[in-house]
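Undergrad: Questions regarding the structure given below will be posed in turn.
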Amino acid sequence: MTAARLLLTLAAALWLGATLRDGWSDWVDATTLPGLVPATSVEVQDRDGTLLRAYTVADGRWRMAVDRAAVDAGYLRMLIAYEDKRFETHAGVDLRAMARAVAQGIWNGRIVSGGSTLTMQVARLLEDSGTGAWAGKIRQMRVAWALERRLTKDQILGLYLHLAPFGGNLEGVRAASFAYFGKEPRRLTPAEAALLVAIPQAPESRRPDRFHDRATRARARVLARALRDGILPPDQAEGALTEPVPAARRPFPALAPHLADRALAEDPVASVHHLTLRADLQAAMEALARDVIHGQGERVQLAIVVADHKAGEVLASVGSAAFQADQRQGFVDMTQALRSPGSTLKPLIYGLAFDQGLGHPEMLIDDSPMTFGTYAPQNFDRLFRGTLRMREALQLSLNLPVVQILDALGPAKLLAALEKAGVQAAIPGDQPGLAIGLGGVGVRLEDMVQLYATIARGGVSLPLTHRMNGPDAKHPRAEGQRVLGAAAAWQVADILAGLPPPPGAPRNRLAYKTGTSYGHRDAWAIGFDGRHVIGVWMGRPDGTPVPGAFGADTAAPVLFQAFSRLKRQLDPKPPAPPQTLLLSNAELPRPLQTFRSRAAALQGGSAGPAVTFPPEGAEVDLLDGGLLVKVQGGRAPFTWLADGVPLAVARRDRATLLHLPGQGFVTLSVIDAEGRSDRVRLRAR
């Protein structure tokens, strides 16, 4: 062959090769790829990222989002070495491996090894195509080449980690790790890693929960290859062979199911919901609920809410003892159900009285038969104690004293305080009467926990949140409205801390209150220390009575157990604010020594006192710290108070110069010699 002919032949070959290459390249570029973003399970995580609950995707499969960095490095090395050792260098199809597989198949008359790369497996999984037919194999090769051109190696491996089949409705390494080992795939033992490498090759016939022996043998082959390739040292490979293969699937985490469902309803499009809960504490509270309900009857239910009242965050929320359709109606979230609070509103009523100068912990009040129009309340035990201190009346949870106080305050003031505290109260017939002070109102457990958190925080509300990724996540949460003065809130907390604990519970001065609704339908216990607040509700979701159920006997022991599972010892409560009036009854100003009911005050004949200056809602400038106040009506002498603290005692003049402790909002009260009072809210500048 002449040189000219040789050059012509070479040029023709190069042209043909370039044409074929360009045609092949155009063919690959024209590939229509399937969707490259697989749907993944919606997840609910706790404050530290621990999985609380996950939901299957639309077709009922478990397919959980996973990042390569969150997968055990040993598993990834074992996977690539076993499935596709030239994964990092080939362009989607490993021609050497494919040629070897074909040659071995011809020589042995059967398939000895596969030639599919991880990229080809991803192509098959994306299109859910078979592996046997030549047309299917060519399609996988074409898609694999196209994937390598459009994605990085990390992205391709990430698709495999999401889509690899592990038997049944399990897809992806993270779902498999939870189902077979009950944990994230971040740290796997060599035995666990080898099993996860082996199953996807034959996911239905190597499921360890159904074909345990096959799964064990397949794992052994992966471990042998890892030993041969130097992935594992001999001692680790031998130890891995002795590690048991799981014989059953584990349930996926399902903590806080009620709150998880609520989070999804609030934001249906979010793929991950970060809650303020603590997974360990949530599990402990759910276990406590199960233990308590066991043996309580097949219809009794329990709910618990734990919150950090300083941060305003829910740390645990147990809507029922078991999330199941049973006679206890476990699917109903009893933290959100409207129930009668029994006596648990009494601390707020006393706090309002302390705050507005109508009462003091050492003030004397009568516990005797009385009527309020047609309303004739009785104590729970139908006994009467006569005259006693307000402190004792609250600790004994007597009804007659608190109704007298509410009658003097007016039900509207109680409802306004509840609204400020974030409690959404449902009033039967929208007609608030004195009965609301004894539980004649519908409230939610979570709201009641928020109310007691307000008392624990010195009287300032902070709406509870259960989301970490809400609008407040990057900024300090703003405090809510002031419901009680700091002194009044401290006095209420001090009284509640003096309650004796249930039998067998530690005498740790936990501030708590119990409540029992009419007919024994609801049993409550809510308590707090210097950091946390916990609320417990027991009863039947259908509202039928539970004979013999008392908050003190049934719910209070659970409250103390919940605190013991939360922490070893209580956080100290703050000291009394400087303005707190710490005096005995004899040392109190005369109008604060004995409570006079509104009816008794009206029987005095003359009109009660009325503050004529400053008017309600005024903004007044202080002159050298002083404020001139005026009163009309009533009978001298007069006692003037600011936020429940006496500033002027036994004054006979109707105009008095008061020296306020500082600027800002203040409730100014005046009490006359008959115990009648009036008050205004103003802002001092």
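For (1) out of contact with any helix residue (DSSP H, G or I) (no Cβ under 6 Å at 6 or more places or on another chain); (2) part of a loop (DSSP other than H, G, I, E, B); (3) without any contact (Cβ under 8 Å) to a residue 12 or more places away in the chain; (4) over 30 Å from Glu238 (Cβ atoms), each residue gets a yes or a no:
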residue: Arg149; (1), (2), (3), (4): yes, no, no, yes
residue: Gly168; (1), (2), (3), (4): yes, yes, no, yes
residue: Arg174; (1), (2), (3), (4): yes, no, no, no
residue: Ala193; (1), (2), (3), (4): no, no, no, no
residue: Pro208; (1), (2), (3), (4): no, yes, no, no
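Undergrad: List the pairs whose first member sits in the range 504-518 and is under 27 Å from Arg339 (Cβ atoms), whose second member is surrounded by fewer than 23 Cβ atoms within 10 Å (Cβ to Cβ) and modelled with pLDDT under 90, and whose Cβ atoms are under 6 Å apart, counting only residues at least 6 apart or on separate chains?
TA: Every condition considered, the pairs that remain are Thr514/Ala552; Thr516/Phe550.
Undergrad: Residue pairs, Cβ under 8 Å, 6 or more apart or interchain, first in the range 215-228 and part of a helix (DSSP H, G or I), second of a type in the set (Phe, Trp, Tyr). List them.
TA: That search, which allows pairs on different chains as well, returns Val222/Tyr82; Arg225/Tyr82; Ala226/Tyr82.
Undergrad: Please return the ranges of strands (runs of 3 or more DSSP E) entirely within the range 297-400 where 1 or more residues are assigned by TED's automatic domain parsing to the domain that holds Gly498. I'd like the intermediate steps shown before the answer.
TA: Values: elements: 301-308, 313-318, 364-367, 386-389.
Strands (runs of 3 or more DSSP E) meeting the threshold: 364-367, 386-389.
Undergrad: So, one more: For the range 211-230, enumerate the residues that are closer than 20 Å to Phe166 by Cα and of a type in the set (A, V, I, L, M, F, W, C). If you could, list the steps in order and put the result at the bottom.
TA: The first filter runs over the range 211-230 and keeps only residues closer than 20 Å to Phe166 by Cα, leaving 211-223.
Across the range 211-230, the qualifying residues are Phe211, Ala215, Ala218, Ala220, Val222, Leu223.
Undergrad: In a strand (DSSP E or B), modelled with pLDDT of 95 or more and either farther than 26 Å from Asp48 by Cα or not assigned by TED's automatic domain parsing to the domain that holds Arg391 (or both), is that true of Tyr452? Break it down into steps so the answer makes sense when it comes.
TA: Values: in a strand (DSSP E or B): no; modelled with pLDDT of 95 or more: yes; either farther than 26 Å from Asp48 by Cα or not assigned by TED's automatic domain parsing to the domain that holds Arg391 (or both): yes.
No, not satisfied.
Undergrad: Sort through Arg207, Arg221 and tell me the only one that's under 18 Å from Glu83 (Cα atoms), assigned by TED's automatic domain parsing to the domain that holds Leu157 and not small (Gly, Ala, Ser). I'd like the intermediate steps shown before the answer.
TA: On the way: Arg207 fails: under 18 Å from Glu83 (Cα atoms).
On inspection, the qualifying residue turns out to be Arg221.
Undergrad: Please specify each residue of the range 648-677 satisfying the condition of being charged (D, E, K, R) and either closer than 12 Å to Gly357 by Cβ or at pLDDT 85 or above (or both). Full working, then the answer.
TA: Residues of the range 648-677 that are charged (D, E, K, R), as a first pass: 651-654, 672, 674, 676.
The answer is Arg651, Arg652, Asp653, Arg654, Asp672, Arg676.
Undergrad: Of these, Arg149, Arg174, which one is surrounded by fewer than 23 Cβ atoms within 10 Å (Cβ to Cβ), of a type outside the set (S, T, N, Q), out of contact with any strand residue (DSSP E or B) (no Cβ under 6 Å at 6 or more places or on another chain) and in the same structural domain as Arg53 (by TED's automatic domain parsing)? Outline the logic, then answer.
TA: Details: Arg174 fails: surrounded by fewer than 23 Cβ atoms within 10 Å (Cβ to Cβ).
After applying the criteria, what remains is Arg149.
Undergrad: I've got another one for you. Can you tell me how many residues within the range 413-431 are acidic (Asp, Glu) and buried (at least 16 other Cβ atoms within 10 Å of the Cβ)?
TA: Within the range 413-431, the subset acidic (Asp, Glu) is 419, 430.
From what's left, buried (at least 16 other Cβ atoms within 10 Å of the Cβ): none.
Number satisfying all stated conditions: 0.
Undergrad: Which is in contact with a His (Cβ under 6 Å, 6 or more places away or on another chain) and either over 15 Å from Lys513 (Cβ atoms) or basic (Lys, Arg) (or both), of Arg389, Arg385, Arg457?
TA: Working: Arg389 fails: in contact with a His (Cβ under 6 Å, 6 or more places away or on another chain); Arg385 fails: in contact with a His (Cβ under 6 Å, 6 or more places away or on another chain).
Just one listed residue meets the conditions, Arg457.
Undergrad: Quick check on my filter: what residues within the range 413-434 are over 17 Å from Ala353 (Cα atoms) and in contact (Cβ under 8 Å) with a residue 24 or more places away in the chain?
TA: Within the range 413-434, Gly422, Val423, Ala426, Gly433 qualify.
Undergrad: Continuing with this model, one more query. For the range 659-685, enumerate the residues that are more than 18 Å from Arg635 (Cβ to Cβ), in a strand (DSSP E or B) and touching a residue at least 24 places away in the same chain (Cβ under 8 Å). Step through it out loud before you land on a result.
TA: Step one: filter the range 659-685 for residues more than 18 Å from Arg635 (Cβ to Cβ), giving 659-668, 680-685.
Subsequent filtering for residues that are in a strand (DSSP E or B) retains 659, 664-668, 680-684.
The answer is His659, Phe665, Val666, Thr667, Leu668, Val680, Arg681, Leu682, Arg683, Ala684.
Undergrad: Looking at (1) out of contact with any helix residue (DSSP H, G or I) (no Cβ under 8 Å at 6 or more places or on another chain); (2) modelled with pLDDT of 90 or more, which is the one condition that is false for Phe595?
TA: (1)
Undergrad: Taking Lys183 as meeting all but one of (1) part of a helix (DSSP H, G or I); (2) out of contact with any Gly (no Cβ under 8 Å at 6 or more places or on another chain), write down the number of the exception.
TA: (1)
Undergrad: Could you please find all residues in the range 567-597 being polar (S, T, N, Q) and out of contact with any Leu (no Cβ under 9 Å at 6 or more places or on another chain)?
TA: From the range 567-597, those polar (S, T, N, Q) are 569, 579-580, 584-585, 593-594, 597; that's our starting set.
Correct list: Gln569, Gln579, Thr580, Ser584, Ser597.
Undergrad: Quick one: what pairs do we get from the range 251-279, first residue over 18 Å from Val306 (Cα atoms), second assigned to a loop (DSSP other than H, G, I, E, B) and of a type in the set (Val, Ile, Thr), C-beta under 7 Å, 6+ apart or different chains?
TA: What qualifies is Leu264/Val42; Ser271/Thr40; Ser271/Val42.
Undergrad: Mind telling me which of the residues Ala18, Ala11, Ala69 ends up being assigned to a helix (DSSP H, G or I), modelled with pLDDT of 80 or more and exposed (fewer than 13 other Cβ atoms within 10 Å of the Cβ)?
TA: Residue meeting the stated conditions: Ala69.
Let's see how each residue does on (1) surrounded by 16 or more Cβ atoms within 10 Å (Cβ to Cβ); (2) touching a residue at least 40 places away in the same chain (Cβ under 8 Å); (3) of a type in the set (Phe, Trp, Tyr); (4) closer than 22 Å to Val645 by Cβ:
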site: Gly351; (1), (2), (3), (4): yes, yes, no, yes
site: Leu358; (1), (2), (3), (4): yes, yes, no, yes
site: Asp367; (1), (2), (3), (4): yes, no, no, no
site: Phe380; (1), (2), (3), (4): no, yes, yes, no
site: Val402; (1), (2), (3), (4): yes, yes, no, no
site: Ala408; (1), (2), (3), (4): yes, yes, no, yes
site: Pro411; (1), (2), (3), (4): yes, no, no, no
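Undergrad: Continuing with this model, one more query. Among the residues of the range 613-658, what is the count of those that are without any contact (Cβ under 8 Å) to a residue 60 or more places away in the chain and either farther than 20 Å from Leu582 by Cβ or more than 48 Å from the chain's Cα centre (by Cα) (or both)?
TA: 25
Residue-by-condition table, conditions (1) among the small types (Gly, Ala, Ser); (2) under 13 Å from Gly172 (Cβ atoms); (3) assigned to a loop (DSSP other than H, G, I, E, B):
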residue: Asp48; (1), (2), (3): no, no, yes
residue: Thr56; (1), (2), (3): no, yes, yes
residue: Gly74; (1), (2), (3): yes, no, no
residue: Phe87; (1), (2), (3): no, no, yes
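The values are calculated or read from the model by the stated rules, or taken from the named source; none is laboratory data. These figures come from a predicted structure and were not determined experimentally. Virtual Cβ from ideal backbone geometry, glycine too; neighbours counted across all protein chains shown.
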